[in-house]
Each structure stands twice: as structure tokens, then as C-alpha cells.
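Nothing in this text is a laboratory measurement; each read-out follows from the coordinates by a stated rule. Since the structure is predicted, the reported quantities are computational estimates derived from the model, not experimental observations. Cβ atoms come from the backbone with ideal geometry, glycine included; neighbour counts cover every protein chain shown.
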Amino acid sequence: MAEYNSTSTVAEEFINDKKIKETLAFAQAHKDDLELMHTILEKGREYNGLSYAEAATLLECEDPDIIQQIFDLGKEIKEHFYGNRIVMFAPLYLSNYCVNGCVYCPYHGQNKHIPRKKLTQEEIREEVIALQDMGHKRLAIEAGEHPTENPIEYILESIQTIYSIKHKNGAIRRVNVNIAATTVENYKKLKDAGIGTYILFQETYNKEAYEQLHPTGPKSDYAYHTEAMDRAMQAGIDDVGCGVLYGLNNYKYDFVGMLMHAHHLEKTYGCGPHTISVPRVRPADDIDPDTFDNGVPDDIFKRIVAVLRIAVPYTGMIMSTRESAKTRRECLEIGITQISGGSRTSVGGYVEELDEEGRFDAEETAQFDVEDRRTLGEVVDWLIDLGYVPSFCTACYREGRTGDRFMSLLKSGQIANCCQPNAMLTLKEFLMDYASEETKAKGDALINEKLSLIPSDKVREICRQHLEEIEQGHRDFRF
């Protein structure tokens, strides 16, 4: 049996089944130890994170007072590092051709009745214009794994197309990439193409469960998939995004596995994941979530979000439109820093006309059902009403503030002199170009109110000047 080694690049050593089970056993045995819980919370209040064992122990506790303290501390840490900014993005599905046999995904190769589609470069152009006309500046491109339909050359050409499109005042300034595990050579190509974050969900860290869920195709290789982030970082991609699909396997096991993965990346490469996503299994074509008996109820899900925020205080946390508006609102308070808006999880979904029933035909090619179906404008208006600053910022990536350079700024607190003004500037662009008059009035009032949160007098004054210039028609200022 493999022994645990956090700096090994062998999957079963840095994600160690024996160590995870020992951690879970310890957490279970100490779930009623309130003194220990208070000690862990006190460590969390130092804003330096928790070990995966401490986080697992905290998650196990059922004491109502401790749970409330977890929520309060998650909110405190989130506000300390990220303020009231919420980063906005949208997924763009390029192709649903796939050769894998993942039993939870409608794109699996054995599904013979889902329509298969791959966007041409002209169709990508149309999708991107539609996304720009909504106001989006940041995309996450998605594609199934298929060696001939979706080779790396297709992905690279698509990235180039996306970056080349400038429609009216629109521009996609950051393309994050969520594609299958690949080689160091291909990761270098993605790096050279100017991607933002490379995103890859592990789905589950339990090898036995992983192999049952992925019976066929390249993704069935647990080690190759689990070691993908190592290859990406070896290729120079220092912003990587992790996640598991809650509901596929025991959530406690995967919670520890993901934090163990983050610990491995930090110890081995000097920088943990840039983002962590927290998706839950959703209904989809040919997929019934009731076939999975590991569903995570809302109260547990919220605790996962809050404990993650305490454990990895510097890491961005993403929640998509898989979740309801209610769940997203509650989780924004305790840890989430990025959300999608106006999303379509289908190939070609942004330019399809509505049918007689008010549905998008392209939803036949959707990867999963969307719970929050509001438009981007509605989501932005909602966030403003809640007191958040919707941010379309991509400045850190474009200024080279990635990986450990971004983390050092965040840890020092200096990021507030970048992120807060950049959030306001990009929100102002959205208000001028895409918002309703009502949203524009509320957004302008919020910006005026939040200007004072910029610590530096000099930066605050420059931000004020740029806001006036945006009013006059200028765009794309950044700190």
C-alpha cells in the first residue's frame, strides 16, 4: 500500500487513501470535543488556513453553536480578503463529442440519443458576440474529450478566435479552460495561448469509486487524471482550478481529498489552487441523480463552503448556476467569490432562438440542468441589491499577477488596492454599456458608496478619474 507523501507526484501518494481514512476516523472520534473545535476555530481566526485534518474535524461537528461560529468565521475571512466583490463569468461549450464513459454525464460515449454538436469558428464568433452583448468579459470554455473532434489544435484555434473578437464595446479579456487531462506539451501550448486558469474537476478522489464512475475512455485512468495539475504547473500554468462533484461519492472523503490536493500543490509548487469549485450532481439527459445515493443536503453543503473558506482563505471559490438563487445568496455570505450568470450549458446555447415553449433548442445538448435561469443583467441587479460589487475584472491575469505573485498580494492585503478599484471600473463599464436604467442608477450609487474602501488615497483618486473617463466613452482601465 502506498504511503502518504505530500510532495510526491504519484497520485496515490499525495492523495493517499489510508491517510484520508485515518483523518476521517479521527474527525469522527472527536466530533463532540468542543475544546478541540474552539482551538481549530482560533487557528482559523489567524487567517492562515487549516490542515485537511483540522478542516475535516470542524466539518464533522454537529454542535449548533460551533456551526454558527463556522458560518461567522467564513463570512469574516471572505470579507477580509475579498471584500464585497463578486467575480462574474460564463461557460462556453464548444463541443459535446466525447469518448469517455462517465456514468454521471450525458456526454458519455454510450449516449446515442443526445444530439452531438461541435461549434465552427464562425459559430464560436456568434456565441462570443452574444456573450459580449450580455456584458461578459471572462469565459470558461468547455469541451468533451474526443481525440479527433476536439484535439488540442481545435481548442487553441478557438481560444485565438475568442480573444480576437471585439464587438461594440465588448471584449473577452480572460479565457479559462476546462478540458480533459493532457500532456505537459499541450499544457505549454495552452499557456502560450494566453489562458487564464486551467480548470479540471477530480469528480471524486476515491480511486475505487472513480474507476466505477469512469469505466471506459481515457478519463478512466485515475492516476493520469489526478496528476494533471502537476503536469499543468510543470508546464508553467500557475493558476489552476480544482473541484469535486458532490453527490458522486461520500462528501467527507472528497472534502479531505481536495484539501489534500491543495496542500500537495502548495508544498510542491509553492502555490495552491487559484480556485476551488463546489458543484453538486444535477439532472441531465440520460442521467438521473437519484441513482447516486451520496446527495449532499443544503445544510451540509453550506458548511462545506464555510469550512473550505476557513481552510483555504486565499483561494477563490466558484459556484455556478447549478445552484438556486437562494443557495447562491447564502453561500456568497460565507465563502463564494465567483459566480456565473446567464449561463447556457449547451453547445450553441447563447444564439439559439426560443421555441414555442420558451426553451432553447440547444438545451437538448446541455450537460446539466441549470437551476438559476436569470439573465446576467438580473443577476447583476440582484447582487447590487445585496450590497455586492459585481466584478468583470481580468486585470491580475493581464498584468502577470498569477500564481504565487497573486497569492502574496492577497496575503499582504495589497490586493485591495487592485481588486477594489478594478471591480468598480469594470462594473461601471457594464452599467454604461449593458444595464437597465434602474440597475445603472443603483450601481452608480453603490460605486460612490464603496470608493472609500480603497485603502490608498492615490489609487482612490485615480479610480475616480477613470470612472469619469468611462462616462465619457473610454474603456479598459486597470490597476
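Summary of values
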| item | result |
| --- | --- |
| Helix-only mean residue ellipticity at 222 nm for the chain, each DSSP H run of n ≥ 4 adding -39500 (n - 2.57), per residue, nearest 500 | -14500 deg cm²/dmol |
| Separation of alpha-carbon centers, region 182-198 and region 397-431, rounded to whole Å | 23 |
| Karplus 3J(HN,Hα) series, Hz, for region 33-43 with 6.51 cos²θ - 1.76 cosθ + 1.60 (x for Gly, Pro) | 7, 5, 5, 5, 4, 5, 5, 5, 4, 4, 5 |
| Arg174 long-range amide H proximity, modeled H, under 5 Å | Leu139 |
| Any cysteine of the chain lacking a neighbouring Cys Cβ under 4.7 Å - listed by number | Cys61, Cys98, Cys242, Cys271, Cys331, Cys393, Cys396, Cys418, Cys419, Cys463 |
| Relative frequency of Cα-Cα separations exceeding 19 Å in region 47-128, percent | 66 |
| Region 79-373, relative contact order [Cα under 8 Å, separation at least 6], % | 21 |
| 5 angstrom amide H check on Arg85, placed H, neighbours 5+ away | Val389 |
| Exposed-site-free run, longest, the chain (rule: trypsin sites (Lys or Arg not before Pro); DSSP loop; at most 14 other C-beta within 10 Å) | 169-358 |
| Candidate lysines for bridging to Lys207, where Cα separation is under 24 Å - those fewer than 8 sequence places away on the same chain excluded | Lys18, Lys19, Lys21, Lys219, Lys252, Lys267 |
| D (Stokes-Einstein, µm²/s), Kirkwood Cα radius, the chain, 0.890 mPa s at 25 °C | 108 |
| Sequence-distant residues sharing a close amide H with Met317 (under 5 Å, placed H) | Ile276, Thr337, Gln338 |
| Cα pair distances exceeding 26 angstrom across region 62-179, given as percent | 42 |
| Reach of Lys168 by Cα under 17 Å, taken over lysines that are not fewer than 8 positions away in the same chain | Lys137, Lys428 |
| Footprinting exposure proxy for Val459, Val177, Val347, Val99 (fewest neighbouring C-beta atoms within 10 Å first) | Val459, Val99, Val177, Val347 |
| Nearest-20 debye value, the chain charge dipole, Cβ charges on Lys, Arg, Asp, Glu | 1480 |
| Rounded Å value of the spacing that divides the Cα centres of region 213-258 and region 295-336 | 20 |
| Zero-based 5 Å bins, Cα pair distances in region 391-471, whole percents | 3, 15, 24, 24, 17, 11, 6, 1, 0 |
| Sequence-separation-based contact order of region 391-471, relative, with Cα cut under 8 Å and 6+ spacing, percent | 34 |
| Proximal aspartates and glutamates relative to Lys78, as straight alpha-carbon distance under 17 Å, when same-chain residues fewer than 8 apart are discounted | Glu42, Glu46, Glu330, Glu333 |
